[in-house]
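Following: one structure in structure tokens, then a few remarks.
We did not get these values from a lab; they are worked out from the coordinates using the rules stated. Note that the coordinates shown come from a computational prediction; the quantities given were computed from them, not determined experimentally. Glycine gets a Cβ as well: all are built from the backbone with ideal geometry, and neighbour counts include every protein chain shown.
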Amino acid sequence: MAELTAASEIPRGAGAWASVPAPRLSFNLRLVPDVTMMFPDGDLRERLALARKSGFSAVEGGVPDKPRELKNALAAEGMSFLCMSAGRGRDEADAMGLAAIPGRQEAFRESILEGIAAASELSCRIMHAVGGLVQDGERDEYEKVYRDNLHFTCERAAEADIQILIEPICAARQPRYIVQTHAKALEFVYSIGAPNLGLMADIYHARMAGEALLEIVQKHADRIPLVQVADAPVRRQPREEDPELDAIFCALADQGWQGWISAEYVPDGPLTESLAWTRLLSSWSRNTST
């Protein structure tokens with residue numbers, strides 16, 4: 001896996017992890033009413049300025065139409081483009097991705113190569129290859145196409161020093177998505193075996209699928225450069241007192257994890273107040289080894 005370093009912007013003490021940087025925060029530039037609405041007001045520069053002021057240092061999103069313009073806007077705020085989603089078609093029907101769709105391999109690979117070029121221009125080092133929706137009774141064929149396309153994607157991305165992630169989307173959210181659990185995503189990660197293939201962990205999808213994300217990060221943290229956070233079953237901000245999320249952060253800190261935390265939710269109330277959960281990141285400054 002490509003090594004990710006993250007200089008902390010969260011105050012830390014001289015505790016057990018004093019030499020381990022706390023994770024940086026990122027958010028998705030896309031505005032999807034029931035999924036994520038982070039810093040929605042104003043033009044791009046106004047959104048970035050408020051995000052930077054609120055402690056965020058990176059963004060995520062799809063392949064931008066004007067990567068050079070976006071790079072300049074990010075640079076003006078001292079921010080970066082963390083993770084790019086690619087592999088979607090040009091029609092609304094393809095919004096959930098093409099990576100697993102039989103007969104659409106050429107369109108998928110064209111989109112991925114466009115994404116890699118844009119990511120390289122933005123110095124973005126992580127990409128999510130969007131999977132797609134499976135037709136009933138044809139999962140085996142879709143999974144074969146998915147594996148083949150991930151092999152292709154990882155090979156091409158490695159040439160640009162880009163890491164590819166698989167993001168599970170739970171059945172409650174999308175019953176036909178190709179990868180619905182973290183367990184299934186990890187099955188693909190390890191069976192494909194590409195060194196630059198990893199998992200995008202998401203506490204919302206894990207909870208909705210009945211998975212124990214704590215166990216997953218304890219066993220597979222080295223394959224997880226990015227953790228998305230949100231409450232469930234409604235995708236709002238995490239609760240300020242969330243024992244499971246606190247335990248997940250502690251487990252990651254205990255392993256010296258140096259990845260990123262992504263806020264992907266629709267704030268309930270003022271956006272700045274919705275960031276109270278970031279106090280849980282004090283895991284990186286606690287001294288529990290004495």
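Between Ala160 and Glu241, take the C-beta separation as r, use R0 = 41 Å, and let me know the FRET efficiency to the nearest 0.05.
Numbers: r = 42 Å, r/R0 = 1.02.
It comes out at approximately 0.45.
In the P(r) worked out for the range 173-290, what percent of Cα pairs fall beyond 18 Å?
Result: 53 percent of Cα pairs exceed 18 Å.
For the pair Glu138/Leu31, report the inter-label distance in nm, with labels modelled 7 Å from Cα in the Cβ direction.
3.6
Could you go through the range 219-234 in sequence order and give the Karplus-derived ³J(HN,Hα) for each residue, using 6.51 cos²θ - 1.76 cosθ + 1.60 with θ = phi - 60°, rounded to whole Hz, and x for Gly and Pro?
Computed from phi, the couplings for the range 219-234 are 9, 10, 4, 5, 9, 10, x, 9, 10, 8, 10, 5, 7, 8, x, 9 Hz.
Tell me, rounded to the nearest percent, the portion of alpha carbon pairs in the range 137-188 spaced more than 15 Å apart.
Working: 711 of 1326 pairs.
Distances greater than 15 Å cover 54 percent of the Cα pairs.
Taking the Cα atoms only, what angle lies between the long axis of helix 67-76 and the longest principal axis of the chain, rounded to 10 degrees?
Between the helix axis and the principal axis of the chain, the angle is about 0 degrees.
May I have the pair-distance distribution P(r) for the range 97-202, computed from all Cα-Cα distances with 5 Å bins from 0 and rounded to whole percent?
2, 14, 24, 25, 20, 10, 3, 1, 0
Only counting other Cβ atoms within 10 Å, I'd like Glu110, Glu159 sorted with the fewest neighbours first.
Numbers: Glu110 14, Glu159 9.
Neighbour counts put them in this order, fewest first: Glu159, Glu110.
If we count every other residue with Cβ under 11 angstrom of Ala251's Cβ, Lys/Arg +1 and Asp/Glu -1, where does the sum land? Could the numbers behind the result be given before it?
On the way: positive: Lys219; negative: Glu215, Glu244, Asp246, Asp254.
Net of charged neighbours comes to -3.
List the residues, sorted by chain then number, that are 5 or more residues from Met200 or on another chain and whose placed amide H is less than 5 Å from its amide H.
Ile166, Glu167
Which of these values of Kirkwood radius over Cα pairs in Å was calculated from the structure shown: [x] 20.6; [y] 19.2; [z] 24.2?
[y]
When the chain is fully extended, how far beyond the present Cα-Cα distance does Ala93 get from Asp222, taking 0.36 nm per residue of separation? Provide the component values of the computation, followed by the final result.
Working: separation 129, 0.36 × 129 = 46.44 nm, distance 3.43 nm.
Computed gain between Ala93 and Asp222 is 43.0 nm.
At what distance in angstrom do the alpha carbon centres of the range 171-210 and the range 67-128 lie from each other?
One Cα centre to the other: 19 Å.
List the residues whose amide H sits under 5 Å from the amide H of Gly97, counting only those 5 or more places along or on another chain, with H placed 1.01 Å from N in the peptide plane.
Hits under the 5 Å cutoff: Gly89.
How much of the DSSP beta bridge set in the chain is antiparallel, as a percent to the nearest 5? Could you put the intermediate results ahead of the total?
Numbers: 3 of 33 bridges.
In the chain, approximately 10 percent of DSSP beta bridges are antiparallel ones.
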